[in-house]
Structure formats: C-alpha cells, structure tokens
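The values are calculated or read from the model by the stated rules, or taken from the named source; none is laboratory data. None of these values were measured; they are calculated from a predicted model. FYI the Cβ positions are ideal-geometry reconstructions off the backbone, even for glycines, and counts take in every protein chain you see.
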Protein chains: 2
Amino acid sequence: MTVDDTANGPSHWVTAADVARRAGVSRSAVSRTFTPGASVSQETREKVMAAAEALGYRVNILARSMIQRQSNLVGIVVSGFASPFLPGILAPLVSELDRRGLAPLLMDARRADNVEESLRDLLSYRVAGAILTSGTPPIELAEEYSRLHVPVVMINRIGDFEGVDTVGSDNRRGGALAAECLLASGARRLAYVNRPTGTHSGRERGAGFCEAMALVGAAGVSFELIEADRPDYEGGVTAARRLLDRPANLRPDGVFCSTDELAFGLMDVARGAFGLTVPGDLAVVGFDDIPMARAGAYAMTTIRQDTTGLAQRAVARLVERMEAPSLPSRADVLPVTLVERRSHLLASAG
Amino acid sequence: MTVDDTANGPSHWVTAADVARRAGVSRSAVSRTFTPGASVSQETREKVMAAAEALGYRVNILARSMIQRQSNLVGIVVSGFASPFLPGILAPLVSELDRRGLAPLLMDARRADNVEESLRDLLSYRVAGAILTSGTPPIELAEEYSRLHVPVVMINRIGDFEGVDTVGSDNRRGGALAAECLLASGARRLAYVNRPTGTHSGRERGAGFCEAMALVGAAGVSFELIEADRPDYEGGVTAARRLLDRPANLRPDGVFCSTDELAFGLMDVARGAFGLTVPGDLAVVGFDDIPMARAGAYAMTTIRQDTTGLAQRAVARLVERMEAPSLPSRADVLPVTLVERRSHLLASAG
DNA sequence: CTGAAAGCGCTTACAG
DNA sequence: CTGAAAGCGCTTACAG
C-alpha cells in the first residue's frame, strides 16, 4: 500500500469541544446534555442538541468508560459455535444486554492459545462483567474476576465459586420428566446417552432420570448409561449403534439423550440402519428443543429450556452485581417443560 | 440495594504508574514494554515484566484506544440468530479477528428500535471497522462509515457502496451447479424456492440456476420460481405444499432451495405428506451445507459455502482498509462446491 | 534507550 | 444551572 491515505490525518471525529464551541457553551454543558440525569436547562440542552446534530457528534464511549473506570462492555464467553443450542441463548442475551445499554464482546474460549489467557484479556477491556455459557472450561479465573469486582455469571454451568452467580435450567427435573414420559409410553429398557464432556448439566440430567425411574417403581425396568464419543450428531449415531446392535430383546426401548442433536443421530440410525420405528419400537426424548426438533423428520419429544428466561435472568444478576459486587453467590434454577411430539409428516413414510 | 459495596472504592485496577513505581522506571518505559515494536532495553523490559506480573497489571485497552483514536473493536452485525448458517460464519470470523488482535462487538440489527441507530451506536465505540453479514438491512449508513474512514465489509450482501468491500460466495455458480445436478439426475420439471426477503444472494442463485438450465438445453424442461412465505423450515413446508399439491404430472421432479433449511421443510413434506421418495421421485438440492445437511434423515445434496474462506477474506479486507481507508471498493467472490449426498441410513425406511 | 511533559475526549466535584 | 479545572490511564513526540 503506497497510498498515503492518512496524509490528511486520520478520521476527524467531532468532539465535545467542537459541539461546545458551536453551541456557545462549555464542554461541561455538552457532557451534561448527554449524561442521563445531569442538570442542564432546557435552553442549553436544545442549543447543544442542535449543534451536536449539525456536527454529527457521538460521545466517545471509550473516553467516558475511562473516566468511569468501567466500560459498558460485557464479555460473552462461548465454547465454540458448534452447538445448535447456542443461537437460542445468544439472541436473548444480546437483546437483553442492548436493552440495558450494555454491549456484548464475544469471545470463543476455544481459541488457539489457552482459555485462561482469553478470559484475562477480557479484563483489558475493563468489561463491566462476563457471562460464561455452558461448555466453557472450568475457571479458577472466576476468582480473579471476583476479586476485581468484575461480576461473572455462568449459564448452565453450576459451580461453587464465591461471588459468582449461576443461572441454569432445572436439569434434574428435566431428566425426571424424560423418565416419566418414557415409562408412561410403555418403555421398560431405558438408556441415557450423555455427552462425552463431563458437564454438570449432563450429569444432573442423568441423575434426575434415574431418580424418577426408581420413584415410579415400574416392574421390570432396566437402565443403562452410555457416553457418546462426540457431543454432536455423529455422537448420537455411534451411540445408537452401540445400543441397538444386539439381540432385539436386549435393545433399549426408550432412550433419553442429553441433547437434541445426539437424539437426531440416534433416531436416524434407529430408523435407517435398524428399521425401527420411532416412537413405535423405540421411544426417544431429547433435551433443549432446538428449532430442528420440530422438523417433520424428527418431530421430537424433548425437554425445552427457557432460553429467554435464562438470558434475562443472567443479565439481571450481572447488573445487580455490578451495583453490589460483594453480594453472596446466587444460583437460579429455571423450570423446564416437556414438549411431546409425534411424527405426523413421516407417518406414512415410517 | 442498601449494601454499600463501594465503600472501599470501586475495584482498584493496577495502572502503568503502579508498575513503573515498583520497577523503578518511568511510565513511558512501562508503556513501551507493552507496545509491540517499541524500543526498550532487555534489562528494562525484564524489570517491567516482573513488576507487572507481580501486580497483575493489564494495560487498559480503552485508554490506549483513546490515545490512538481508534479501538480494536470490530462490530459484527447480524440479522437475528435464527439462521442455522450463522454459527458457521461467526466461528471463523471471531477466530480470525482474535488472531489479529481485534475483538468482536456483536450487534443484532433486528433490535427493538431502528437499525440505523444501532449502526450509528457502533460508532460511539470508535470501532476499527464493521462486518455486516447477510440479511442485514440496506444501509446508506455505509456511506457515513466510509466518510469517517471506518472500514465496512459486507458478507454475502453485494451492494455498490463506495469504499465498502464485499465478500461473497459465487451464488450464480452455485445456482448453476444445482441446475446441472438436477438435470443430470434426470429431473425435467424444475423449481426454485427462494427465501421471501429479496436478498441479493437469493436472486443470484436463481439467476445462475435459470441460466445453466437454458445452457444445458435439455429437451422438455420446464421451470417455475416460487418464494417461500418464511425464510425458515416452515417456509419450506408451505412451499412444498404449493408445489406438490397438484396432479402428479404437474409436480416438479427437481427442486432447488436457496437454503438448506428451506430444503429440509420441503423434503419432509414431500416424503411425509405426499409419500414421495427423495431423491427417487423428487430430487432436492439445498444451499449452505449446514451441519444438519449431513444428517441421515436428509443426507442432502447441497451447495457448500466456504465459510472459513469468507470470514478470512472479510477480515483481511477490513484490515487492509484500516491501513488505507480510501482504497477503491473491492468485491471478492469465493467458489462454492457441490456436495452430493444420498440417504443411506434411511434407505431401508424410505 | 529513557524520562518529563503534553494530550487523547470525556466526566465530575468545586465554586459560583 | 453553569464553567474552569483537574484527572481518568495511557501513548508519543521531544530532548537528552
């Protein structure tokens, strides 16, 4: 690039001083006009607004943040973008932050170098807080944040960090609902397919499942737990092979998967490779209720998470802690609901 | 909150002055140590690093940005999170920005109030640039950005804005590949199902499709174009009903959908409600190659976009323009590939 | 290579 | 309500 673009200087942003000059007031007056709740006379405000408008003035949030020693940036830490559940939580999160004048700084914990460093980097932006979504690796860093009075809230990642709030779905109850639903449908040889990464939520779902199974106390119920070798669709495929490639009387007739994605893979193999009907021969329950769960090919019965509720609660907790950093840790558990579906579209093709 | 948490002052971040004091050097020396390419003696650097480490110092990027009159924040503007194609582009985008020391500020163009304002807000953060993904509403604002020397690049959203770069897939070629594939499979009554929102890429895909169809010049080929009433799975469902609910000899036998998601809905209805086999009775080609396209239930033939390539190119263009804002507009078109699949898993169930 | 000083654009007591 | 002044934490010519 030999083009000398910066010859005429870098972009010249208009500053509060420019506006003050044009409006014939002090810089303080300009600042007050743009500070909610500051005292400016109607007259001054109007002069300032007119000048600002004419000049195309925008307050420099960075400068403001420096003065206030905190930005309105909030780190959203995700663990890759592969999970189809992510967009469902990201959307309300972004919207909720926006509503409160906060801006999301997106960070992938799975970046090349290590995670610790990533999270520490967020600190350089003087983020007003951080929201860690499910799958994010364990962090002792939460402690560092806490010490610096930078609020942290974790979604679906219950842990016991001092001064860190958690917001999650009632995974146990979800597991229980799945068990009850399968048993009610007549299934007696149950299985739970968990994701490979030993997540808190995955374990809870399994625990709730077992517990409810025992409580119902139906006669002749057997149970097995397996862990998929991958957290995605393919994981469901291989899990299905392990579960179904055996004499018919030993095959499970009711499977609960810790995510819808796993359940898709499992259903496809059950139908395609083993010729089973779902839910006829094999009842399947997923978890999350992602958009594809309603697709005709699956019409999947699943446990729905209240993504909007999770996001709103998470942001609310974050904001509360921004105002009172030393609040004791809080753990919110949001209800989940069973969504029963039954394939219509594929009825004739099944 | 009656808790007076801020009694002991807000979080006390350690500053360059603190580090300087401990290291026995000037603040300039500290600054230079953390400025890539600045001249500091090895000895000074070590003293500074030791002090910084001990104190847990992190340079305040906000302050740095203010000095440099530009942040390393880059706005990523999306239009909702509903499209299953989004995560595929978001992942490499975030990773690529990170690699270059830039941080993504996520913004949803579909927020409550108007879009113009959203984009203007980004300016308050003195973003180093903005990346607009597909679906983002038209913006004359691009011009405002351009005037302020804030680079803008649009992904899959070719438009003719001065000083704005565009990066997109070869949609025309994708449409052509789809047509060739369908014709080669023996289809003669073709249809193209576009998304309702009149996006550039959707039109291009259709144009390429028609063009190739004409060029191949197979005998007795008919064609119809319909627009789904929604951009998602449900849109595919209703489009399928419109296309298939007619005497068999008038039904299309080859359909190209402008997204995989539409194609899923179409396939499910074709199989489930009309008892057709895919690709036997009806050949279907999608676009994007999102993860679910490989699911056994669909095993969908589709046109793959090079999401990583798009992201890398977009960030590269952005960075180039950060260095030379007045570069003429550039439009990159990245190749797409046909991915042919055929249901195996469902073979026995079909 | 190094330090003192000026300045980035803003907000906020402090007097009036 | 209003303005002058100090200061947020940093970088960057400018002299040495």
Quick one: in region B:98-119, which of the residues that are under 16 Å from B:MET154 (Cα atoms) and without any contact (Cβ under 8 Å) to a residue 40 or more places away in the chain is surrounded by the fewest Cβ atoms within 10 Å (Cβ to Cβ)? B:GLU116
The lone exception for B:ALA38 - which of (1) facing chain A (nearest Cβ under 10 Å); (2) within 12 Å of DNA strand C (Cβ to nearest atom); (3) hydrophobic (A, V, I, L, M, F, W, C) it fails: (1)
Taking the criterion of being over 15 Å from the mean Cα position of the chain (by Cα), free of Cβ contacts under 8 Å to residues at least 24 places away in the same chain and either within 30 Å of A:MET213 (Cβ to Cβ) or in the same structural domain as A:ARG203 (by TED's automatic domain parsing) (or both), would at least one residue in region A:149-158 satisfy it? no
Taking A:PRO252 as the residue in question, decide whether it is part of a loop (DSSP other than H, G, I, E, B), within 22 Å of the chain's Cα centre (by Cα), surrounded by 22 or more Cβ atoms within 10 Å (Cβ to Cβ) and in the same structural domain as A:VAL278 (by TED's automatic domain parsing). no
Can you tell me how many residues in region B:9-52 are more than 8 Å from DNA strand D (Cβ to nearest atom) and either under 30 Å from A:SER326 (Cβ atoms) or assigned to a helix (DSSP H, G or I) (or both)? 20
Six or more apart or on different chains, Cβ under 7 Å: which pairs go from a residue in region A:44-71 that's closer than 12 Å to A:SER31 by Cβ and facing another protein chain (nearest Cβ under 9 Å) to one that's within 10 Å of DNA strand C (Cβ to nearest atom) and of a type in the set (Lys, Arg)? Could you list them? A:ASN60/B:ARG126
Quick check: is even one residue across region A:54-76 on the phi < 0 side of the Ramachandran plot, of a type outside the set (Asp, Glu), away from DNA strand C (no atom under 16 Å from the Cβ) and surrounded by fewer than 18 Cβ atoms within 10 Å (Cβ to Cβ)? no
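Checking the condition at pLDDT 95 or above and out of contact with any helix residue (DSSP H, G or I) (no Cβ under 7 Å at 6 or more places or on another chain), which residue from A:ASP170, A:ASP160 passes? If you could, list the steps in order and put the result at the bottom.
On the way: A:ASP160 fails: at pLDDT 95 or above.
One residue alone meets the criteria, A:ASP170.
For the structure I just gave you, tell me whether B:GLU144 is over 23 Å from A:ARG58 (Cβ atoms), free of Cβ contacts under 8 Å to residues at least 60 places away in the same chain and among the charged types (D, E, K, R).
no
Each row is one residue, and each column tells you yes or no for (1) at pLDDT 95 or above; (2) surrounded by fewer than 22 Cβ atoms within 10 Å (Cβ to Cβ).
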residue: A:VAL216; (1), (2): no, yes
residue: A:VAL221; (1), (2): no, yes
residue: A:TYR233; (1), (2): yes, no
residue: A:THR259; (1), (2): yes, no
residue: A:ALA263; (1), (2): yes, no
residue: A:GLY272; (1), (2): no, no
residue: A:PRO279; (1), (2): no, no
residue: A:VAL284; (1), (2): yes, no
residue: A:ASP289; (1), (2): yes, no
Is it the case that B:VAL221 is closer than 27 Å to B:THR308 by Cβ, among the aliphatic types (A, V, I, L, M) and either touching a residue at least 60 places away in the same chain (Cβ under 8 Å) or not assigned by TED's automatic domain parsing to the domain that holds B:ILE155 (or both)? no
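For region A:18-35, how many residues meet the condition of being within 11 Å of DNA strand C (Cβ to nearest atom) and surrounded by fewer than 17 Cβ atoms within 10 Å (Cβ to Cβ)? First the steps, then the outcome.
Kept after step one, since they are within 11 Å of DNA strand C (Cβ to nearest atom), are these residues of region A:18-35: A:18-20, A:26-35.
Among the residues that remain, those that are also surrounded by fewer than 17 Cβ atoms within 10 Å (Cβ to Cβ) are: A:26-28, A:35.
The qualifying residues number 4.
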